[in-house]
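The values are calculated or read from the model by the stated rules, or taken from the named source; none is laboratory data. In this text the structure is predicted, and so the values were computed from the model without any measurement. Positions of Cβ are backbone-derived with ideal geometry, glycine not excepted, and every protein chain shown enters the neighbour counts. With ligands, DNA and RNA removed, areas are computed over all heavy atoms of the protein, side chains included. Shrake-Rupley method; radii C 1.70, N 1.55, O 1.52, S 1.80 Å.
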Amino acid sequence: KQRVFSGIQPSGGLTLGNYLGAIKRFVEKQHDGIETIYCVVDLHAITVWQDPEALRKQTRELTAGFIASGIDPEKSILFNQSQVTEHAQLGWIFNCVARMGWMQRMTQWKDKAGKNAQNASLGLFAYPSLMAADILLYHATEVPVGEDQKQHVELTRDIAIKFNHDYGVDFFPIPDPVIEGAATRVMSLRDGTKKMSKSDPSDASRINMTDDADTIAKKIRKAKTDPEALPSEIKGLDDRPDARNLVNIYAALADQSVDAVLAEVGGKQFSEFKPMLADLAVEKLSPISMEMQRLMQDPAEIDRILGRGAERAREIAAPILAKTYDIVGMIRS
Ligand code: TYM
């Protein structure tokens, strides 16, 4: 049976990168015959200190972002991680399966901890092991993510394989990362070689899902480009990271292939292409940000949705954790 799991951290506002690389594709997975489980990973967020009040607000805002983008909390299971305690419990077991060396090789750990690794939280180091627990707790088979999470999903596979091997069982399925579409790596609008990120100090580097139409248009107008006209074929984007990024964003927003977009806009100058992109972005994103604002007016309803999602998640997770405990040799009496 096909079961999809993915998560997003409530560690800041939602960006266009999260939307195109993740949420938009989560929505596409949501059809008959596929079970879709989407999680606001608050336990992951606190691997870096979060102001408690801000964390609550961002958790609700991210939930509103999921729903406003088209995640239906009836069709999908939508919840926040900390309400299903099994995540932390399975995470501990996987801390005992994963190896220090595996964690040390994670590029996200190296980037985030930097030279000051001694001062990073132990949770930040163990982060991928909790992520493996998120996925394997549901025996998920597919994990839609952006390019930057590929290594973590591969580590999840390694943990599943080692667990099965160490205990001589065939219990955890080996999940596949699903990295599809034109926008698996949305780059900064200020530097096409850097990922668009909620933690970039420059707000002009990203489009936030809460930006209004004027702000979106202004950020696109000011986006870094080169002086050349747009090419009519993909290979013409080689060594033009800024141009490539804007074309990818256009293709993803328009649900077109990059080839089809270039066939249409090849030969145009950025002075002509940027307003087209800005109009498209406003057309696609404004309804989402307006719906998010509307949903945010009723935080109690959002909390109710998360609570109900958590109950449904636990129905799947609890028996899988119990079985894991049995396999490992824990007494449950
Ligand atoms: P996070 O919160 O950093 O990002 C959430 C999702 O958005 C994607 N993404 C991007 N995609 C394209 N271009 C970008 N610039 C961009 N920025 C972010 C990410 O690839 C991700 O899919 N560790 C995860 C959260 C997580 C998770 C999981 C994911 C926890 N448990 C289990 C899948 C399954 C993270 O930090 O994502």
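Some observations on this one:
- Enumeration of residues in the range 105-122 that are among the small types (Gly, Ala, Ser) and either within 16 Å of the ligand (Cβ to nearest atom) or in contact (Cβ under 8 Å) with a residue 12 or more places away in the chain (or both): 113, 120, 121
- From the options 1, 57, residue that is modelled with pLDDT under 95 and more than 14 Å from the chain's Cα centre (by Cα): 1
- Among residues of the range 57-70 that are within 16 Å of residue 29 (Cβ to Cβ), those with a Cβ under 7 angstrom from a residue that is at pLDDT 95 or above and assigned to a helix (DSSP H, G or I), sequence gap 6+ or separate chain, pair up as 66/23; 67/295; 69/19; 69/23; 69/24; 69/27; 69/288; 70/27.
- Top-ranked residue of the range 102-150 - restricted to ones that are among the β-branched types (Val, Ile, Thr) and closer than 13 Å to residue 5 by Cα, ranked as most open to solvent (accessible area, probe 1.4 Å): 141
- Residue check: residue 175 meets all listed conditions (1) under 15 Å from residue 48 (Cβ atoms); (2) touching an Asp or Glu at 6+ places or on another chain (Cβ under 8 Å) but one, namely (1).
- If only residues of the range 162-178 that are in a loop (DSSP other than H, G, I, E, B) and open to solvent by 50 Å² or more (accessible area, probe 1.4 Å) are counted, the one that is nearest to residue 137 (Cα to Cα) is 174.
- Candidates 89, 118 - the one that is modelled with pLDDT under 95, assigned by TED's automatic domain parsing to the domain that holds residue 311 and over 17 Å from the mean Cα position of the chain (by Cα): 118
- Note on the range 304-317: residues that are surrounded by fewer than 16 Cβ atoms within 10 Å (Cβ to Cβ) and either under 21 Å from the mean Cα position of the chain (by Cα) or of a type in the set (Gly, Ala, Ser) (or both) amount to 1.
- The listed residue being touching a residue at least 24 places away in the same chain (Cβ under 8 Å), part of a helix (DSSP H, G or I) and open to solvent by less than 60 Å² (accessible area, probe 1.4 Å), out of 281, 260: 281
- Inter-residue pairs, beta-carbon under 7 Å, first farther than 30 Å from residue 295 by Cβ and in the range 306-333, second surrounded by fewer than 12 Cβ atoms within 10 Å (Cβ to Cβ), 6+ apart: 322/332; 325/332
- If the condition is being under 20 Å from residue 86 (Cβ atoms) and surrounded by fewer than 18 Cβ atoms within 10 Å (Cβ to Cβ), then the range 151-161 contributes no residue at all.
- Residue match in the range 195-204 (condition: modelled with pLDDT of 95 or more, open to solvent by 20 Å² or more (accessible area, probe 1.4 Å) and away from the ligand (no atom under 16 Å from the Cβ)): no
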